[in-house]
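What follows is a single structure, written as structure tokens, with notes after it.
The values are calculated or read from the model by the stated rules, or taken from the named source; none is laboratory data. Just so it is clear, the model here is predicted, and its values are computed rather than measured. Reconstructed Cβ throughout: ideal geometry from the backbone, glycine too, with neighbour counts over all protein chains shown.
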Amino acid sequence: MSDMSTRLHVKELKRRFSKRKIITVSDFNEFYGEVFGSIKKGTVSWYIYELKNKNVIRNISRGQYVLVDSKDVDDREFIVITMDIIKSSDMDYIEFNNSLTKKVDELNLIISNEYGYNRSYYISQGDEIQIVCDFDENIGNLFMLTLSCLHPFKVRYGMGIGDVGEELKKNSWEMNGPIFWNARDQLMKLKNVKDYDGLIISDSSEIDQVCNNILPIINEMIKKVTDKQWDVVKAELSKISIRETISKIGISKTSYYDRLSGSNLEEIIKAFKAIIRLLRIRRSVN
């Protein structure tokens, strides 16, 4: 073992936290305090920095870490999307739940068949849906597909970006950790919003601020999508042929493209991709 690893007590640290899903700064302070008898917090902060550089630990959120070789941790970044149906309490309970279940089932089928995701949306508390999936450039398509399948329901949403910190489960409501709490916190900030809106959060407050300055522009474009345009957006993102769509809706090919253009779908997807690129930059910055 190298001198640096010996000084950092990497072997003892791994043994101490091998079964821990999350290691906090307080945990490091306690560990090194026990090792050295007493130690300054600034020294512990430097040790944490060196442990990250040596790829012994990695961030999963601000002030929270995991061992890199932990068997329960997935190295990929994920996105948690949590949505709350607006004014669901104003609807007939049974009728609403049946309708939402049908919409989510159809949405999950499209996600599986056309996008190859092995993740699904699940319903909780009657009017909330959630999915956790890989954080990639398909997120904009997935997000707009979700809204088109839920239409005419309107939603508030919170998105969390980062590491899940535990083994993936099919139903994300059975999972826990910072990425899920963060998405939920963003949703709760909007609990009094009466119309479509949403926020996003990662482990970088600076990048998040930029992204949440862009999101209102995207959200305003989404608010302007009409009922007729949503039908075409859904067909486009579901990868249904134009011939089948215009036959089903009863419109011409020209009308199809006019509605698609009027929805600003292409611009919305591009804007989502810009946010994704910003959020990916944060790791190289950190």
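Looking at the range 185-239 only, could you name the residues that are in contact with a strand residue (DSSP E or B) (Cβ under 6 Å, 6 or more places away or on another chain), assigned to a helix (DSSP H, G or I) and of a type outside the set (S, T, N, Q)? If the condition is that a residue be in contact with a strand residue (DSSP E or B) (Cβ under 6 Å, 6 or more places away or on another chain), assigned to a helix (DSSP H, G or I) and of a type outside the set (S, T, N, Q), then L187, D208, C211 are the ones that fit. Cβ-Cβ distances below 8 Å connect the following pairs, each with a first residue in the range 256-278 that is touching a residue at least 12 places away in the same chain (Cβ under 8 Å), a second residue that is assigned to a helix (DSSP H, G or I) and of a type in the set (S, T, Y), and a separation of six or more residues or different chains: Y256/T245. Screening E244, E266 for residues that are of a type in the set (D, E), more than 26 Å from C133 (Cα to Cα) and surrounded by fewer than 15 Cβ atoms within 10 Å (Cβ to Cβ) leaves exactly one candidate, E244.
If I ask for residues that are outside any helix (DSSP H, G or I) and either in the same structural domain as L168 (by TED's automatic domain parsing) or loosely packed, with under 15 Cβ neighbours inside 10 Å (or both), which ones from the range 21-41 would you list? Passing the criteria: T24, G37, S38, K40. Residue check: is I131 β-branched (V, I, T) and in the same structural domain as N171 (by TED's automatic domain parsing)? Criteria met by I131.
Do we have any residue at all in the range 82-91 that's in the same structural domain as Y122 (by TED's automatic domain parsing), out of contact with any strand residue (DSSP E or B) (no Cβ under 9 Å at 6 or more places or on another chain) and among the acidic types (D, E)? Yes - at least one qualifying residue is present in the range 82-91.
Scanning the range 109-152 for residues that are acidic (D, E), out of contact with any helix residue (DSSP H, G or I) (no Cβ under 7 Å at 6 or more places or on another chain) and part of a loop (DSSP other than H, G, I, E, B) yields a total of 1. K234 falls short on exactly one of the conditions (1) surrounded by fewer than 14 Cβ atoms within 10 Å (Cβ to Cβ); (2) modelled with pLDDT of 95 or more, and that condition is (1).
Any residue in the range 72-80 that is in a loop (DSSP other than H, G, I, E, B), of a type in the set (A, V, I, L, M, F, W, C), surrounded by 13 or more Cβ atoms within 10 Å (Cβ to Cβ) and in contact (Cβ under 8 Å) with a residue 60 or more places away in the chain? Scanning the range 72-80 turns up at least one residue that is in a loop (DSSP other than H, G, I, E, B), of a type in the set (A, V, I, L, M, F, W, C), surrounded by 13 or more Cβ atoms within 10 Å (Cβ to Cβ) and in contact (Cβ under 8 Å) with a residue 60 or more places away in the chain. Scanning the range 100-122 for residues that are buried (at least 17 other Cβ atoms within 10 Å of the Cβ) and either among the β-branched types (V, I, T) or in contact (Cβ under 8 Å) with a residue 40 or more places away in the chain (or both) returns L100, K103, V104, L107, I110, I111, R119, S120, Y122.
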